[in-house]
1. What ranking of ARG72, ARG49 emerges when the number of other C-beta atoms within 10 Å of each C-beta is taken as an exposure proxy, fewest first?
2. Taking all pairs of distinct Cα atoms, average 1/r, flip it, and tell me the Kirkwood hydrodynamic radius of segment 139-234 in Å to one decimal place.
3. Can you list the residues of segment 45-83 with backbone N under 17 Å from a point 7 Å past the Cα of ARG31, pointing along Cα to Cβ?
4. For the chain, take N as its residue count and report Rg(C-alpha) divided by 2.2 N^0.38 Å.
5. Distance in nm between label sites at LYS230 and HIS17, each 7 Å beyond Cα in the beta-carbon direction?
6. Segment 151-190 to segment 34-88: how many Å between their Cα centroids?
7. What ranking of MET206, MET103 emerges when the number of other C-beta atoms within 10 Å of each C-beta is taken as an exposure proxy, fewest first?
8. Can you sort TYR90, TYR111 from fewest to most other Cβ atoms within 10 Å of each residue's own Cβ?
Amino acid sequence: MGHSTEPKPWLPFNDRHDAGRRLALKLHHLRAQQQHAGVARPVVLGLSRGGVPIAAEVAASLDLPLGVLVARKLGVPGSEEVAFGAVATYGGFTHLSHLPFVMDHLRRDGYTIAELDAVEAGERAELARQQTLFGNGRQPLISGRTVLLCDDGLATGATMRTAVSLMREAGAGAIHVCLPAGPAGACRELEAVCDALTCLQPWPAMHAVSEAYLLFDQVSDAQVLAAIDKYPRP
């Protein structure tokens, strides 16, 4: 999806690390809260892979444990930037969701169940690969704890909503969605399903998450592993 030519009402982040550091400053009040006796420390989870550098900066600044929540968008064949659902996994729990209104449009446009099932099968295979690589023995327990869910931005919000549902099923005590940027409408929808939401730059409209960054390279497996290897296994 191309970049908008409209004037930007925000200052772009240098890269994901810059965005994560700025987000951590906004969340710094949580550092004081975690010091209360008898209160379990929050956990910071980055949605793979782009959310992990964000989460790593937040976890380092707040001195909190870090983990990876593996999530995959289900993209429309031929228009992969458009989501018709998402699938996510963490700690033995997996959640799949579809967007009913998008599914209705796809059926009317002639997409077959077989085509959409093939997309889902491919993303589930990648989900399993990443879970094996990033998850085994590395995912902090989240039952009863506050979870800070971090990503590098929102498009439709489908993947983050799926991650929130997954955390509910896994028993998180409270879910705080943490974002550098995203469309204001999608943020409002997320606020209805999570316990708290922090978005540094809610946009009136958006065309691509990359517009919020000067440098927006794809995050590699090696970069994710380097981030989480700095933390002891839970």
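Read-outs: derived from the displayed coordinates by stated rules, not from any lab. Since this is a predicted model, take the numbers as computed values, not measurements. Cβ coordinates were reconstructed from backbone atoms using ideal geometry, including for glycine residues, and neighbour counts include every protein chain displayed.
1. So the residues, fewest neighbours to most, are ARG49, ARG72.
2. Radius from the Kirkwood sum: 14.5 Å.
3. Inside the label zone: 55-66.
4. Relative to the rule-of-thumb radius for its length, the chain sits at 0.98.
5. With each label point 7 Å from Cα toward Cβ, the separation is 0.8 nm.
6. 9
7. MET103, MET206
8. TYR111, TYR90
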